[in-house]
Every structure is written in C-alpha cells, then in structure tokens.
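The values are calculated or read from the model by the stated rules, or taken from the named source; none is laboratory data. Every value quoted in this text rests on a predicted model; they were computed, and no experiment measured them. Methodologically, a virtual Cβ is constructed for each residue, glycine included, from the backbone with ideal geometry; neighbour enumeration extends over all protein chains shown. In case anyone asks, the SASA skips ligands and DNA or RNA and just uses the protein heavy atoms, side chains included. Shrake-Rupley method; radii C 1.70, N 1.55, O 1.52, S 1.80 Å.
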Amino acid sequence: MKNSVGISIATIVAIIAAIYYVPWYEHFERKSPGAGEMRDRIESMFLESWRDYSKHGWGYDVYGPIEHTSHNMPRGNQPLGWIIVDSVDTLMLMYNSSTRYKSEFEAEIQRSEHWINDVLDFDIDAEVNVFETTIRMLGGLLSAYHLSDLLEVGNKTVYLNKAIDLGDRLALAFLSTQTGIPYSSINLHSGQAVKNHADGGASSTAEFTTLQMEFKYLAYLTGNRTYWELVERVYEPLYKNNDLLNTYDGLVPIYTFPDTGKFGASTIRFGSRGDSFYEYLLKQYLLTHETLYYDLYRKSMEGMKKHLLAQSKPSSLWYIGEREQGLHGQLSPKMDHLVCFMGGLLASGSTEGLSIHEARRRPFFSLSLERKSDWDLAKGITDTCYQMYKQSSSGLAPEIVVFNDGNIKQDGWWRSSVGDFFVKPLDRHNLQRPETVESIMFMYHLSHDHKYREWGAEIATSFFENTCVDCNDPKLRRFTSLSDCITLPTKKSNNMESFWLAETLKYLYILFLDEFDLTKVVFNTEAHPFPVLDEEILKSQSLTTGWSL
Ligand code: DMJ
C-alpha cells in the first residue's frame, strides 16, 4: 500500500527501524565509557599520583602520599631511583597515545631523564636487594632505552649508559658462590655480595631465577656475552642438584641455599618467593627463542596442573593452591594475589602472543592439547582473580585469600559475598598490585572479548574510589595503599608502591589501547617491555643456550 507521496508503509517502517536500530555493541559502548575515555581517566590517575610525588617526594625511593613523607632505601640515604626509574616507560607509553596531556608527559620524561643523568649515581656504599634492583631499576632503564628509541622521545643513550653501569655493579653478585647462584644482596660500591640475613642464609628461589631477561637483553644490546653466561649458570645446579624434573615435577620450593643449590624449605607455591621462577622460564623463551626454557616451563605447568590446581565452592572457581609440606603434603587452598599473573602467563604461553583466533589456525596450537588446556585455564584463573575483586566488599581484592574447599575452619575470617573465599584478619591489605589487571590486559588483547575491558573498567573505578586521598579536589587528589580493603569504609595506609605507576596503571592503560601487538614485546616481571630479540643477531653474537639437562 502506498501513501499520498508514493512511499510504501514497508519502506517507512524500514527507514524508522534503520534510524533506531543500533548494533548491540554500540549500545554496550554507550553504557560504559569508551576506550578513549578510559585512557583519559587512567592518564589522569597516573598524573595525579605523579604530580603529588613530584611536588612532595621528588627523587626519593619511598613515598607516603597521605602525609607526604619520603626517604631513600639504601643506608646512607643516597637515592636508588626507585619511583622515577620504575615510572619512565609508563610516561613514554602515555605520552605516545595521549590526546589530552601529551606535552605534560613529554616535559615529565625530560625532567626524569635529567634527574637520571645528573643526580642518580649507583656508586652507593650500601647493600641493595639484587632481585628488586634488577627488575625495577635495570628493567626500567632498559625498557626506557627501548621505548625512547621506538617512540623517538628523550635521549636513549642516557638510559643505556645507566643500565650498563648498574648491570656491571649487580653482575658481581653472581661471583659470590661456586654454584653461580647469587647471594640476595650486594653493596653497589664495593661489589661485596651478602647472604640473606634471615631464613638461614637461603635465597628466595624466585629471586635468583628472575634476573635472566634483564641481563640477556643487556648482553644483546652491548654484545657482552658475560651478562648472559652469568645469569644462565644458576639453572644447572638448581635442576641437577635437586633432580627438579623428576622429584619435584618441575615445581620449586620457595628457598634455595646459594652455596649448594639445594632447596631449603618444603613450601611449594606460585605466590611470593615462587611466582616469577615460572614466569621467567616462559618469558626467556618468548624473548630469546631458546626452546629449552619452553620445555622447562611446560614441565612446570604440567606439575602445577597435577599437584596444585583445585576448584572452589560454590562457584567452581579454579585456583592454584600451596603445598606447605612438599608435593606429598596436603593441598592448602590459600592463594596470594601475586598468583593472579598466571592468567596472562598461561595465555601468552598458549598462543605466543597471537590472538586466539589466529593461534587456532596454526599447527603449534591446534595440534597441542596442552596449549588448549593452558588457554582454558588462563580464562579460569583470570575469572577467579576478577572474582577476588567482585566478591570483596570494596571491589578491591585483598593480599591473600583462602578458597572455600569445603573444609575451612573460618573462625574470625571474613567470608566473600558468594562464599568462594575467606580472608584472614592480617591479609586484608591492598597494595594496589598489578597481577589481576595484568592478566585481564593479556586476555583482552589475545581474545578481543569485550568483557575483559568491562572488568578492567570496574577495577579501575574501585581503585579510584577507594585508594584516593583528597578525592574531591583534582588538584590535590592522589592515590595510596589500603591497610584494609574488606571492612567498610576501607582504611588507607601511607604508602605508594612504585609498581602502582610502573605496572598497575600501565597494564590498565594498555588494556584500553586499540592496537597492541603482543608478539613483538615481552614484559619483564615489573611490566617493563622489552622487544622480542632478533634470532639472527643473537646467533651472530653467539648468544645461545649454554647448558642442557
Ligand atoms: C612486582 O614488583 C613484581 O611484579 C614482582 O615480580 C612481584 N610483585 C610486585 C607487584 O605485585
């Protein structure tokens, strides 16, 4: 039927429908902030923290945003660069993509660079922790070098020169024992290495196995094989003196005696002191293409699935528990927030940085049941870690949870809203840690499933609402840790960890970048991105695996 102007009713209906029809994904985008808006918000959170630190704590290693307190870490009070060096590459990434604050980011990069060049002096006559200084300072300098070069901002030479100076000082720690396993600390001036003062002198197993990416990249940049050889030496005694693959199924107790290479405790976990041992097996393979490390990682993941994996009640959330009495003891359902990096690690090991859609087309993935199982578990662990935020009263996860395995005596423990986990009174703090948003970022870029951006936006909002100080005044607003994220209102504590700027806000930011190619880059354990190294250059410099099992 036609009306007076000759247009059929059906055509009118079609025109109206076309005007009002909006695809489902556009509705979704309208309801929640778009990616650009989220990036702006995260840049603002970063800058509010940064401006406050610049004004009240500039140059100091340790900063308390509530009371504006600051001090340096080494005895003697010389700065190590803790907050500035750890943050430079986040400044660079935000500078590169910012539409609102580009010139401010550029100015802050210049300012940090001048401080690093003119003030920071690693000739410090005091003990520093080898692991922390390597992942934060050496890692931060190397990634600042890389991004300065890639994004054409700043003077890359400043970062490389400082990295070489620091690397040379830290490298002396590897000469302290016959095994090649370094003592935990070193005096940066004298080169004297110092055993751990506690735990009978044992080193944390994760600490001396989380130095390899940094020194291998330094070897690649300088052509100096010694860095490579020193960090590689720790593995042979660790694997051989403990019969690690057979007796322990690739899983490591959390302490090792550096003089013998023998394990010093029975506790096996993917949380503190164990975590990044597993991380650097995979990441060495991804960075340097050394297949031995993928094989060792594979063995460890199979060990983890066999001995540590379980599901909570009532929601069947996957978690990685602990064996306090070794592999043959009982499984404890306790899990540190630190373990939440495992979602991202399993996912990137599964697809090697390709999107899951692309990986499914490749034989290395489609023919491997193990990689498919890793991918499924990556989704499961990331979901569990998101639930640790979602089921908490503040929307922020505590430092440690105990999952509900049906046998928990819960006297005085807080129970999560759905009941999947409990929190002990001393574990209620939140240090603004990165691991969950890290996994969410990996899962988003590898799957393009929009739910991960939704989760990230929720968590960013919870950080914004709970960890801000002077929240209503954007000129004074800054962010700090919480001593209790469970009891409402949450309680703040006067401390901003450098990984808030180096990791948590960086991973949240990358989550909302539209393009991020994870086949080109490997993050060290402190979220400092290194480029995947060129195989031909590695071969030409004889930078290859120098040991076997
Ligand atoms: C960071 O310093 C590193 O990620 C380290 O490997 C473990 N934990 C903190 C952040 O939680």
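Please give the length that would be gained between LYS372 and ASP149 if that part of the chain were fully extended, namely 0.36 nm times their separation in residues minus their C-alpha to C-alpha distance (nm, one decimal).
76.6 nm
Do the alpha carbons of any pairs in LYS334/LYS520; LYS299/LYS506; LYS313/LYS491; LYS424/LYS491; LYS240/LYS520; LYS283/LYS379 sit beyond 27 Å of each other, and which pairs?
Cα-Cα > 27 Å for LYS334/LYS520; LYS299/LYS506; LYS313/LYS491; LYS240/LYS520; rest within.
Using a probe of 1.4 angstrom, how much of the accessible area of the chain is carbon and sulfur, in percent?
50
Using just the Cα positions, wrap the chain in a convex hull and report its mean projected area in square nanometres, one decimal place.
30.4
Just the number please: accessible area per residue for segment 380-476, 1.4 Å probe, all protein chains included, in Å².
Result: 37 Å² per residue.
Among the aspartates and glutamates, which have Cα under 12 Å from the Cα of LYS156 when same-chain residues fewer than 8 positions away are ignored?
Within the straight-line cut-off, LYS156 pairs with ASP89, GLU113.
Please give me the summed charge of the neighbours of LEU93: other residues whose Cβ is under 11 Å from its Cβ, Lys and Arg +1, Asp and Glu -1.
Overall, the nearby charge balance is 0.
Multiplying the sequence separation of GLN330 and SER393 by 0.36 nm and subtracting their Cα-Cα distance, what value in nm do you get?
19.7 nm
Going by the alpha-carbon gyration tensor, a ≥ b ≥ c the square roots of its eigenvalues, is segment 395-532 rounded (a/c under 1.5) or, if a/c is not under 1.5, prolate (a/b greater than b/c) versus oblate?
oblate
Arranged from highest to lowest average of other beta-carbon atoms within 10 Å per residue, in what order do the peptides 414-426, 67-79 appear?
414-426, 67-79
At 0.36 nm per residue, minus the direct Cα-Cα distance, what do ASP199 and SER44 gain on full extension? Give it in nm, one decimal, please.
Working it through step by step, the gained length comes to 51.6 nm.
If Lys and Arg each add +1 and Asp and Glu each add -1, what is the summed charge of the other residues whose beta carbon sits under 15 Å from the beta carbon of GLU127?
-2
Mind giving me the nanometre distance, one decimal, between the label points for HIS68 and ASP165, set 7 Å out from Cα along Cα→Cβ?
Computed distance between label sites HIS68 and ASP165 equals 3.0 nm.
Label points 7 Å out from Cα along the Cβ direction at ALA35 and LEU476: separation in nm?
Taking the two extended label points, one gets 3.7 nm.
Out of residues 5 or more away from PHE403 or on other chains, whose amide H comes under 5 Å of its own, with H placed 1.01 Å from N in the peptide plane?
HN-HN under 5 Å from PHE403: LYS334, MET335, PHE422.
Within segment 62-88, find all residues whose amide N lies under 19 Å from a label point positioned 7 Å from the Cα of HIS189 along Cα-to-beta-carbon.
Output list for this probe position: 72-82.
Tell me the label-point distance for the pair LYS539, LYS262, using the 7 Å Cα-to-Cβ offset, in nm and rounded to one decimal.
4.3
Could you compute the FRET efficiency for THR291 and ASP517, with r as their C-beta to C-beta distance and R0 at 25 Å, rounded to 0.05?
It comes to 0.65.
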